[in-house]
Amino acid sequence: MPTLEKINSNDFINLEDQFGAHNYHPLPVVLSKGDGVYVWDVEGKKYFDFLSAYSAVNQGHCHPKIINALVNQAQKLTLTSRAFYNDQLGPYEKYITSYFGFDKVLPMNTGAEAVETAIKICRKWAYEKKGIPEHQAQIVVCENNFHGRTTTIISFSNDENARKNFGPYTEGFIKIPYDNVALFKEVLEAHKNIAGILVEPIQGEAGVYTPSETYLKEIKELCTDYNVLFIADEIQTGIARTGSLLAVCGQCNCDATCERSESTYAKPDILILGKAISGGVYPVSAVLADNAIMNVIKPGQHGSTFGGNPLAAAVATAALQVVEEEKLAQNARKLGKLFRDKMNEYIQNSTIVQLVRGRGLLNAIVINDTEESSTAWDICMKLAQNGLLAKPTHGNIIRFAPPLVMTEDELLECVSIICKTLAEFER
C-alpha cells in the first residue's frame with residue numbers, strides 16, 4: 001500500500017473496495033476536510049456540499065460551537081450506559097422536550113433505531129391503552145417510503161433492491177399511496193386494529209415528493225377521530241431543513257411567518273428525529289411523545305447502551321442551540337424560495353430538466369430521462385468536476401440539500417454552477 005504521504009483518491013477508493021462491504025455506490029470523490037458549506041478532497045480540491053450528509057449537516061461542517069461541545073464533554077465523560085445517571089442527559093431531555101413541545105423523549109443513536117423505537121411504542125400503546133388484542137396491531141405506512149434498512153423497516157418498503165433476499169418479513173403493516181387521505185380513511189373504516197400511521201412529511205429518498213398543503217393536517221384529524229397515533233418521521237425533514245423547525249408544523253422558533261400556515265399545523269403523537277439533531281457530529285436520534293403514550297415504556301423494555309450518553313446529550317444540545325441562534329429555519333425558507341425561483345427560470349428553456357420541487361432547502365430536480373438511464377449520475381459527476389457535490393435518487397432525480405448556513409451569495413454561485421452544468425447536457 002502507498003505511504004500515507006503519497007496516497008491519493010484512487011488508493012482510498014481501492015481500499016474501501018477491497019476491505020469494505022459493497023453496500024453503497026458513492027461518487028468517486030474522497031473527502032478529507034469540511035468547513036461550513038464546503039468540503040475538500042484529499043488532493044485539496046474544494047467543493048460546495050449540496051447533500052449535507054442527507055441533511056445531517058444542517059448547521060454546516062464542523063460548526064465550532066458543536067465541536068467545542070463535543071471536545072469539552074469528551075474530555076470529561078463519554079459513556080456511562082443507562083445503568084447510572086449522568087449530569088448531561090437530564091438537562092438535555094428538559095431542553096429538547098421544551099424545544100419541540102412534548103412531555104418526554106426516548107434518546108437513541110441512529111435514525112433507523114428511532115423508527116424501530118416509535119414502532120414499538122405505538123404497538124405497546126395499542127395493546128395497553130387502546131385495547132387492541134396482542135399481536136394484532138397494524139400500522140399504516142406509505143408507498144415509496146424510506147425509514148431505514150432494518151429487517152422490520154424493509155418489510156414495508158417498496159424498494160425491491162432493499163428487500164430482495166432479506167426475508168422473511170415482519171408483518172403488521174398496511175401500505176397505502178402517499179398523499180391520499182381518502183384511502184387512509186377507508187383503511188381506518190375497514191380495519192379495527194389500526195394502531196398508527198407512519199409518515200414522512202416530505203418523501204426525501206423517493207425524490208423530495210411534497211404532499212398537498214392540507215394532507216398532514218387531515219391525516220392528524222383522522223387519527224384523532226379513530227384513536228390512532230400519528231407518527232411523523234422527521235429524521236431528514238426536521239431541524240429547520242424545510243424552512244420551519246419541523247416540516248409538520250406551522251409554528252416554530254422563527255420570528256417570521258413559516259411556509260406552513262397555522263391552518264396546516266399537525267402536531268404528531270410521536271415525533272422521530274435524527275441526523276441534524278447533532279449537526280452531523282455524532283450519532284444522535286430521539287423519539288418524542290407526551291406522557292399518555294411514552295409512559296407505556298417501563299424499565300428493561302427498550303434501550304441502548306449508547307442511547308442518552310453524555311457526549312450525545314452535550315452535542316445535541318449545542319446543535320439545537322445553533323439552529324435557533326443562527327435562525328437557520330428562516331434562512332432555509334428564504335434561500336429555498338430563491339433556489340426554486342432560479343431553477344424555474346432555467347427550466348423554462350430547458351429540455352433536460354422537467355421540474356424542480358421541494359420546500360426550504362430540501363429540493364430536487366427531475367431529469368428528462370428514464371430512471372434506468374445514467375443521465376442524472378453523469379450530471380452529478382460533471383457537477384463534481386465543476387465544484388459542487390450532489391447525488392441522484394431514484395435514477396432520474398437529483399436531490400439538492402446544502403447546509404442551512406449557506407449565504408445568498410453562495411447559493412447564487414451554486415445555482416450558476418448547476419445551470420452551467422445542466423447546459424452541457426441540453427439536447
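Data for the structure
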{"quantity": "Computed label-point distance, nm, for sites residue 40 and residue 386 using a 7 Å Cα→Cβ extension", "calculated": "2.4 nm"}
{"quantity": "Sites residue 17 and residue 321 - FRET efficiency at Förster radius 56 Å, r taken between beta-carbons, to 0.05", "calculated": "0.90"}
{"quantity": "Extension gain (nm, one decimal) between residue 298 and residue 371, 0.36 nm per residue minus Cα-Cα", "calculated": "21.6 nm"}
{"quantity": "Additional length obtainable on full extension of the chain from residue 175 to residue 424, 0.36 nm per residue less Cα span", "calculated": "85.6 nm"}
{"quantity": "Pairwise label distance in nanometres, residue 33 with residue 166, each label 7 Å out on the Cα-Cβ vector", "calculated": "3.7 nm"}
{"quantity": "Kyte-Doolittle mean at least -1.0, axial Cα span of 18 Å or more - DSSP H helices of the chain", "calculated": "111-125, 310-325, 328-347, 408-423"}
{"quantity": "At 1.306 mPa s and 10 °C, Stokes D of the chain from Kirkwood alpha-carbon radius, µm² per second", "calculated": "71 µm²/s"}
{"quantity": "Sequence-distant aspartates and glutamates (8 or more away, or on other chains) whose Cα lies within less than 19 Å of residue 45", "calculated": "5, 11, 35, 410, 413"}
{"quantity": "Projected label distance in nm at residue 407 and residue 221, using a 7 Å step from Cα toward the beta-carbon", "calculated": "4.5 nm"}
{"quantity": "Filter on 175/267; 65/391; 129/192; 120/164 - keep pairs with C-alpha separation over 20 Å", "calculated": "175/267; 65/391; 120/164"}
{"quantity": "Dipole magnitude of segment 143-248 about its Cα centre (Cβ charges: Lys, Arg +1; Asp, Glu -1), debye to nearest 20", "calculated": "260 debye"}
{"quantity": "Relative contact order for the chain, counting Cα pairs under 8 Å that sit 6 or more residues apart, in percent", "calculated": "22 percent"}
{"quantity": "Anisotropy class of segment 262-305 from Cα gyration tensor, a/c 1.5 cut", "calculated": "oblate"}
{"quantity": "Net charge of Cβ neighbours under 14 Å - reference residue 66; Lys, Arg +1; Asp, Glu -1", "calculated": "-2"}
{"quantity": "For segment 277-337 and segment 167-189, distance of Cα centres in Å", "calculated": "28 Å"}
{"quantity": "Residue pairs, from the table 220/298; 327/420; 76/298; 94/275, whose Cα atoms sit over 24 Å apart", "calculated": "220/298; 327/420; 76/298"}
{"quantity": "Efficiency of FRET from Cβ geometry, residue 351 and residue 189, R₀ 30 Å, rounded to 0.05", "calculated": "0.05"}
{"quantity": "222 nm mean residue ellipticity, helices alone, for the chain (DSSP H n ≥ 4; -39,500 (n - 2.57); rounded to 500)", "calculated": "-10500 deg cm²/dmol"}
{"quantity": "Calculated from backbone phi, Karplus (6.51, -1.76, 1.60) coupling profile of segment 103-110 in Hz, x at Gly/Pro", "calculated": "6, 9, 10, 10, x, 9, 10, 10"}
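Each reported figure results from applying straightforward, stated rules to the coordinates on display, with no laboratory input. The model shown is predicted, which means the values in this text are computed figures rather than measured ones. Glycine gets a Cβ as well: all are built from the backbone with ideal geometry, and neighbour counts include every protein chain shown.
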